[in-house]
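The values are calculated or read from the model by the stated rules, or taken from the named source; none is laboratory data. In this text, all values refer to a predicted model and were calculated from it rather than measured experimentally. Every residue, glycine as well, gets a Cβ built from its backbone with ideal geometry; the counts of neighbours run over all protein chains shown.
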Amino acid sequence: MIRIYPLIFIILWSSAFISTKPIVDNSDPFAALAFRFFFVAVGFCIFSIYSNNSLKINKRNLLESILSGVLFHGFYLGGVFFSISIGMPAGIAALIVTLQPILTNLLSGPILNEKVSIKQWIGALLGFIGAALVLGLDLGSKIPLLGLIATVIALIAITTSTIWQKKLSNNLPLSVSNFYQAIGGCFFHILIVIFFTEALINFTPSFLIAMSHQIFLVSFGAFTILMFLIKKNSASKTVSIFFLIPAVSAFMGWFFLNEILTTVDLIGFLIATIGVYIATRK
């Protein structure tokens, strides 16, 4: 069963890109993320109580979990949502964030004492090339400086969060750890809304459907699987599967939204798949 977790994660995480547009079109991105992680926190709280997992933890574990949530749910998701909302081309934003496995490879050695093999580097390079082919460079687009800065911050945040999560010394149940991470993300976005934006959400049917999808399938499903994979495997190998996200998202866009799927997309998917296989096989 554990062997199919990466496949389940890829499908669920990729599906988030299909449901993001209805959310951004009907809300301020930070208000939507605060709304999302409030209910994610409630859900993990209920599940923890139902599973007899105590929510009472020591101060160190509390701070570690909240910081991880601020990095991942706050700076990463907030940075990506914000950059796209102010005109950053989605393809370029996604391509910048797709550098995460490469950055993780660079840092996992000195920080986590993980040995990144030549095989993993070859796989990472092929994975990035494949992802770049699917996303396209869109070099003719105007890139807003603030959007570029936000995307780079998002890249640094998700990389730091991944390494931080791997380095955590606690053995908290995933539901408890995810509860406090959701709390951290929720309060981060609430503060952004209070001081910088406005609490704008139009509760249209499309928003509610998309938000429900991101709460239940992405936050409860994909994120929990990701945290499990990071704990069980090396950080560098785990994040290699992110190279497949753009290609699978493109397939979903073609299947569900009638978006165009080109020959270049298929070639990119094949190259990324080969890269992930090389990087993750034993």
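Numerical summary
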quantity: Whichever residue in segment 223-275 is over 17 Å from G123 (Cβ atoms) and small (G, A, S) and, among such residues, is farthest from the chain's Cα centre (by Cα); calculated: G253
quantity: Odd one out for T159 among (1) more than 23 Å from F47 (Cβ to Cβ); (2) among the β-branched types (V, I, T); (3) over 13 Å from the mean Cα position of the chain (by Cα); (4) assigned to a helix (DSSP H, G or I); calculated: (3)
quantity: Check on K59, of a type in the set (K, R) and either more than 29 Å from A247 (Cα to Cα) or at pLDDT 85 or above (or both); calculated: yes
quantity: Set I215, I230, I183: member being buried (at least 16 other Cβ atoms within 10 Å of the Cβ) and touching a Ser or Thr at 6+ places or on another chain (Cβ under 7 Å); calculated: I230
quantity: I111 modelled with pLDDT under 95 and surrounded by 18 or more Cβ atoms within 10 Å (Cβ to Cβ); calculated: no
quantity: Tally, over segment 190-212, of residues that are among the polar types (S, T, N, Q), touching a residue at least 12 places away in the same chain (Cβ under 8 Å) and surrounded by fewer than 14 Cβ atoms within 10 Å (Cβ to Cβ); calculated: 2
quantity: Residue tally, condition assigned to a loop (DSSP other than H, G, I, E, B) and of a type in the set (A, V, I, L, M), over segment 18-69; calculated: 2
quantity: Single match in F255, F242 (criterion: aromatic (F, W, Y), in a helix (DSSP H, G or I) and surrounded by fewer than 22 Cβ atoms within 10 Å (Cβ to Cβ)); calculated: F255
